[in-house]
Amino acid sequence: MVSEINIRRATAADVGPIVAMLADDPLGRSRESPDDLTPYERAFARVDADPDQLLAVADDDGEVVGTLQLTFIPGLSRQGATRALIEAVRVRADRRGDGLGGTLVKWAIDAARRRDCVLVQLTSDASRTAAHRFYLRLGFEQSHLGFKLAL
């Protein structure tokens with residue numbers, strides 16, 4: 001069961017715990033470098049300054065136990081609609097399985113509604129089959145194929 005969690009906008013002080021969560025999985029271990037926070041601190045400053053970005057943390061009595069990033073994407077399609085994109089959903093290893101991930105995603109959906117978004121979308125690496133089941137349980141539909149081009 002999730003204790004009393006405060007989901008709030010991340011601060012610069014949260015960068016270390018966020019990066020630790022990003023690095024704590026098979027994909028993150030190969031692409032994150034938590035020993036040097038400098039590039040993450042620079043990225044945080046850019047994200048925090050952008051009004052269409054919301055980096056959120058789940059705070060349990062001063063401890064960061066979860067995170068996600070929510071991006072608001074204005075567009076012309078769907079009659080000028082705004083979409084919300086959920087990225088980088090992570091829950092600290094010792095807190096997985098207690099409903100915190102669902103709480104975070106539902107919070108993001110509510111935030112998207114408050115910004116008058118017409119839909120919430122996300123992508124998930126093809127190897128993350130447990131995450132796919134999690135999103136389906138939350139009501140997401142697997143509707144698209146994703147493509148990436150590394151630069």
Among trypsin sites (Lys or Arg not before Pro) in region 100-143, those in a DSSP loop whose Cβ has at most 16 other Cβ atoms within 10 Å are R115, R128
For the chain, which longest stretch is free of loop sites, where a loop site is one of the GluC sites (Glu not before Pro) that DSSP puts outside H, G, I, E and B and that has at most 12 other Cβ atoms within 10 Å? 5-140
Can you tell me the convex hull volume per residue for region 6-137, based on C-alpha atoms, in Å³ to the nearest whole number? 121 Å³
For Cα pairs less than 8 Å apart in space and 6+ apart in sequence, what is the mean separation divided by the residue count of region 6-137, i.e. the relative contact order in percent? 20 percent
Of S77, A111, L55, whose Cα points farthest to the positive end of the dipole of region 55-151 (charges on the beta-carbon: +1 Lys, Arg; -1 Asp, Glu; origin at the Cα centre)? S77
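Using the Cα centre as the reference, give the magnitude of the dipole from point charges on the C-beta atoms of region 5-151 (Lys, Arg: +1; Asp, Glu: -1; all else neutral), rounded to the nearest 20 debye.
Values: 20 positive and 21 negative charges, 137 e Å.
With only Lys, Arg, Asp and Glu charged at Cβ, the dipole is about 660 debye.
For region 65-129, take the alpha-carbon Rg, divide it by the Kirkwood Rh, and send me Rg/Rh. Write out the running numbers ahead of the final one.
Numbers: Rg = 13.3 Å, Rh = 12.8 Å.
With Rg and the Kirkwood Rh in hand, the quotient comes to 1.04.
Every number here is computed from the coordinates shown, using simple stated rules; none is lab data. None of the values given here were measured: they were computed from a predicted structure. Don't worry about glycine lacking a Cβ; one is built from the backbone with ideal geometry, like all the others, and counts go over all protein chains shown.
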